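Down below is the structure, laid out as structure tokens.
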Amino acid sequence: MNQSALWVKFDQHHFVLGMEWRPLQPAEKLVRSTLAQLRREGMQWYASSGLQNFVGTCSAIAQARKPMHSAALHLAHQWSQGGLELFVFGMTQQRVAVVALNERSPVPGFDFIGDMSQAQSLIEEFEAIHEGSTIRRVGDLGLLANEEQLSASTVFDMPSTDSRLKKIPSLRSFAVAIALLALAVAGMAGVYQWQARDRAQMLANLPPPPPPDPNPAYNQSVSQRLSTLHLQSQALYQAWIQLISQLPLAHQGWVLTQVVCQDEQCLADWQRQFGSVADFHAQLPVRTSQAQHLPVTKDALTQRIQTSHATPVPEGPRSYAKVADLPALAAAFRNQSSWLQDLGLLGGRSLQVEKAPVWNAPAEGLVIKQALHKGAWSAELPLPLAADLVLPANATVSELKTTLGPVYSLTGDYYARPDSP
């Protein structure tokens, strides 16, 4: 095993032979601590592949010349074909170079330069270790069986940076580097603190920025809201009424007790009269999309069922394209109140309406140029009136609830634009 290596010159390039190679574990990459350990072992130079799964080292190189390249890595990167390989070349001063590779990696103990007898012993040792294996043999001395003839001057030419040797920093160099790094970090921290203070002072002297303009985002949300108003107005109400009118009052031994409609769905509650849950599920009511068995108590005779019924609204023209198309706030409040008062003459009760505040009002101090107003209304109406009820054009419905008694409850909203100044 050679720890003192020699370099051989081919043209202007210097190739080092006689390095000690060792594999590295996955957690043993060439970090500072690994190099420091190599320095403690007396090593001065090292070379490694890009993968850093092995490293070659040596303690000294007489009359070192930079740059220098590992002959073994050069062969592995540029001349290896994989598998087991043995390279033997004649060198100056009657020396012989022996390099063994295994899967393009140097084999420990077989990076050698020396006299002929030592080289032959090393060749025999390698052949004995791998007896019966396929070995590619390359050289220019005729010492190998089935030797592939290549001259040393041909092989050792144009090395890449991957095979270059690097100097292992001394412990003092490590200490100096750490000290310089600490000084640099301290200097950068001081500069950062000074810049932070300077920036803080500059920001403190700046006038407060104007509040962001809320109108673009608000106008976009208003436009989205207006685009769906027609889906929650008269057409949706009529879809609810049509669905309720199609539901039977009794079905498979179960009695309809309540219907609640919101958005595009109505939920119907059923109470057992004499039928079973299985009977009900075997034949569901009209337009049922889902049925749930909902026991109220442990008593099997008091169980109930809830069914879901879709009430989609067909697409139609938008009622209002922009806020300016809506009635003014005062007129809208007056018209909504009058509509509810007229329903009172037809038997309506609990008729309520609020004066519409600004919809999705922004934070205090932010001015909206074209605000949308939305107000809530509610009513309890006679059930016979349900089929003929006509909503105001700027009104929507949010919930219909009936227990199939003489009245049903209806809630919704109405929309308006601001009054003219």
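The values are calculated or read from the model by the stated rules, or taken from the named source; none is laboratory data. Note that the coordinates shown come from a computational prediction; the quantities given were computed from them, not determined experimentally. FYI the Cβ positions are ideal-geometry reconstructions off the backbone, even for glycines, and counts take in every protein chain you see.
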(message) Being within 26 Å of residue 313 (Cβ to Cβ) and of a type in the set (A, V, I, L, M, F, W, C): is that true of residue 180 here?
(response) no
(request) Identify all residues within the stretch 12-44 that are of a type in the set (A, V, I, L, M, F, W, C), within 23 Å of residue 119 (Cβ to Cβ) and either modelled with pLDDT under 90 or loosely packed, with under 15 Cβ neighbours inside 10 Å (or both); write none if there are none. (result) none
(request) Scan the stretch 62-120 residue by residue and report those that are touching a strand residue (DSSP E or B) at 6+ places or on another chain (Cβ under 6 Å) and acidic (Asp, Glu). (result) 85, 111
(request) Go through (1) surrounded by 15 or more Cβ atoms within 10 Å (Cβ to Cβ); (2) in contact (Cβ under 8 Å) with a residue 60 or more places away in the chain; (3) out of contact with any Phe, Trp or Tyr (no Cβ under 7 Å at 6 or more places or on another chain) one by one and return the number of the condition residue 386 breaks. (result) (3)
(request) Could you identify the single residue in 351, 345, 301, 340 that is surrounded by fewer than 15 Cβ atoms within 10 Å (Cβ to Cβ) and at pLDDT 95 or above? (result) 345
(request) Identify, by number, the condition in (1) touching a Phe, Trp or Tyr at 6+ places or on another chain (Cβ under 6 Å); (2) not assigned by TED's automatic domain parsing to the domain that holds residue 390 that residue 218 doesn't meet. (result) (1)
(request) Quick one: which strands (runs of 3 or more DSSP E) lie wholly within the stretch 262-328 and hold at least 2 residues that are without any contact (Cβ under 8 Å) to a residue 60 or more places away in the chain and over 45 Å from the mean Cα position of the chain (by Cα)? (result) 265-272
(request) Scan the stretch 118-144 residue by residue and report those that are under 18 Å from residue 80 (Cα atoms) and surrounded by fewer than 14 Cβ atoms within 10 Å (Cβ to Cβ). (result) 133, 134
(request) Report whether or not residue 295 is within 20 Å of residue 391 (Cβ to Cβ), touching a helix residue (DSSP H, G or I) at 6+ places or on another chain (Cβ under 9 Å), exposed (fewer than 14 other Cβ atoms within 10 Å of the Cβ) and of a type outside the set (Asp, Glu). (result) no
(request) Starting from the stretch 129-148, keep only residues that are assigned by TED's automatic domain parsing to the domain that holds residue 117, then list their pairs with residues that are of a type in the set (Gly, Ala, Ser) and surrounded by fewer than 17 Cβ atoms within 10 Å (Cβ to Cβ) whose Cβ atoms are within a distance under 7 Å, requiring at least 6 positions of separation or different chains. (result) 134/83; 136/83; 137/145; 140/151
(request) Specify the residue that is surrounded by the most Cβ atoms within 10 Å (Cβ to Cβ); the eligible residues are those in the stretch 364-380 that are free of Cβ contacts under 8 Å to residues at least 60 places away in the same chain and over 22 Å from residue 328 (Cα atoms). (result) 379
(request) Can you tell me which residue within the stretch 53-80, out of those that are assigned to a strand (DSSP E or B) and in contact with a Gly (Cβ under 8 Å, 6 or more places away or on another chain), is surrounded by the fewest Cβ atoms within 10 Å (Cβ to Cβ)? (result) 58
(request) Please specify each residue of the stretch 394-417 satisfying the condition of being surrounded by fewer than 19 Cβ atoms within 10 Å (Cβ to Cβ) and under 18 Å from residue 356 (Cβ atoms). (result) 398, 411
(request) With the condition kept exactly as written, say whether any residue in the stretch 405-417 is within 21 Å of residue 264 (Cβ to Cβ), among the β-branched types (Val, Ile, Thr) and in the same structural domain as residue 270 (by TED's automatic domain parsing). (result) yes
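Identify, please: which residue in the stretch 81-92 is part of a loop (DSSP other than H, G, I, E, B) and touching a residue at least 24 places away in the same chain (Cβ under 8 Å) and is, among those, farthest from residue 108 (Cα to Cα)?
Only one residue tops the list, namely 91.
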(message) If I go through the stretch 81-117 residue by residue, how many of them are surrounded by fewer than 14 Cβ atoms within 10 Å (Cβ to Cβ) and closer than 21 Å to residue 5 by Cβ?
(response) 6
